[in-house]
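Remarks on the structure that follows.
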Amino acid sequence: MGCTDDTPQPNGDFAAVPAGPVYVGPDQDLQKGLDDAAAASEDRRLILRPGTYQTSTTRFCLLAITAIHDGVTVEGQEGAILSARSPDTPDAASVSHVVYCGDGVSSKTRIRNLTITGAKGLATNGGVPLEDFEKRTPFLKRGLFYYMDGGALKIFGQSSPVFEKIDFVDNVTQLCGGAVSIEQQGFQDIPPVFTDCRFMRNRCPATGSAVDVLQGSSVKMQNCLFVDNVGNYGMSEVLQKYNLSYNETHGSGALTVFPGSRAQIDRCTFLGNWNAVDDRGVASEYSNTIFASNDASDGSRPGHPYEIDIVNADGVDRCFFHSKNPDLKGNVSRKKNVFDAGAPMFDETYVPANAGYADVGFRQ
């Protein structure tokens, strides 16, 4: 609609606030695009055109989503890729985390239709976003895990963004959370949500090769795929360097849930990882999920691999197991779950051809 003569106009003290969405390309400033979308008067979307977004500047993250951006949608057009790699030195990473979601980011904030890749174990404190933790300031501490965990994505503080159709692929960290590290530090009432996401070929020397849910945190996942994620291969070095040890005998899983944390997992598939899930949390729920052949190993853990190692197993319901060692603690209900469904016979999109798996697991 055009302006008429009696339409109020901005004066010299105020500038007009444009409406969104904001579009950016790989050759433009991604962070500024997010800032502009957050300031938009309506339709607060940041649309990423196809291409690879990266930086040659060594810094904490490629894209920082903080409280001032709450309510923005970051949406990639087909072929949009966020990469940790430097365009000048493709074999080296330039950021510790590709995406950072800080304190005060609610479920009104959505990130969708992207590939996030290329983390390679860089840890730097340069360019850490400025944040006002408000009343949570005495409780939120930026420690070792803040900088070193979560190659593709770091979630910190009272933060519960929603991720839809994200591929977390080929990310590596120096410590934990090869792809994603969730560190809510007790502000876990509302979990981050992952829907229709794929976690593939992520690695870390310690826990949570795909996703690490640190103590006092939570996560909700629906229709997600975990394939070929490998962790625990550097535990002896981690013990020597950081004096950290966890699940020494059998190792951790693609998804690690620490004590005091909670996971809600529905219609997911775990295949070919170095273990699927280890969960020492409280009241976690696993439903309609496939655990199959998560036996990747290089022998650095003395114990055998497993599908699930869970302390509180009451919430495991209608899950399907196909494995020599499905249930490490032997506490998962045989009545509520299926342990003899046969080979899933996955196709190239990881959909099982076995009709017995018709209503469970990930679907493209």
Residue within the range 248-263 that is of a type in the set (Lys, Arg) and within 17 Å of residue 309 (Cα to Cα) present: yes
Matching residues in the range 238-259 - criterion: being more than 19 Å from the chain's Cα centre (by Cα) and surrounded by fewer than 17 Cβ atoms within 10 Å (Cβ to Cβ): 239, 240, 241, 242, 243, 244, 245, 248, 249
The range 183-197 residues that are at positive phi, paired with ones that are assigned to a loop (DSSP other than H, G, I, E, B) (beta carbon under 6 Å, 6 or more apart): 185/140; 185/216; 186/216; 196/223
Matching entry among 83, 94 (being in contact with an Asp or Glu (Cβ under 9 Å, 6 or more places away or on another chain) and either of a type in the set (Val, Ile, Thr) or modelled with pLDDT of 95 or more (or both)): 94
Qualifying position, being in contact with a helix residue (DSSP H, G or I) (Cβ under 9 Å, 6 or more places away or on another chain) and either in contact (Cβ under 8 Å) with a residue 12 or more places away in the chain or within 19 Å of residue 105 (Cα to Cα) (or both), among 206, 179, 210: 206
Restricting the range 142-192 to residues that are among the acidic types (Asp, Glu) and under 16 Å from residue 103 (Cα atoms), the residue that is surrounded by the most Cβ atoms within 10 Å (Cβ to Cβ): 183
Residues of the range 40-76 satisfying the condition of being in a loop (DSSP other than H, G, I, E, B), crowded, with 20+ Cβ neighbours inside 10 Å and of a type in the set (A, V, I, L, M, F, W, C): 72
Strands (runs of 3 or more DSSP E) wholly inside the range 239-336 containing at least 2 residues that are within 25 Å of residue 186 (Cα to Cα): 255-257, 262-266, 277-279, 285-287, 308-310
Strands (runs of 3 or more DSSP E) fully within the range 77-165 counting 2 or more residues that are in contact with a strand residue (DSSP E or B) (Cβ under 6 Å, 6 or more places away or on another chain) and closer than 20 Å to residue 185 by Cβ: 95-101, 153-156
Residue 293, sole failed condition from (1) within 30 Å of residue 234 (Cβ to Cβ); (2) more than 24 Å from the chain's Cα centre (by Cα); (3) surrounded by 14 or more Cβ atoms within 10 Å (Cβ to Cβ); (4) modelled with pLDDT of 95 or more: (2)
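The values are calculated or read from the model by the stated rules, or taken from the named source; none is laboratory data. Remember, predicted model here, so these are calculated numbers, not experimental data. No Cβ is skipped: glycine too gets one built from the backbone with ideal geometry, and neighbour counts run over all protein chains shown.
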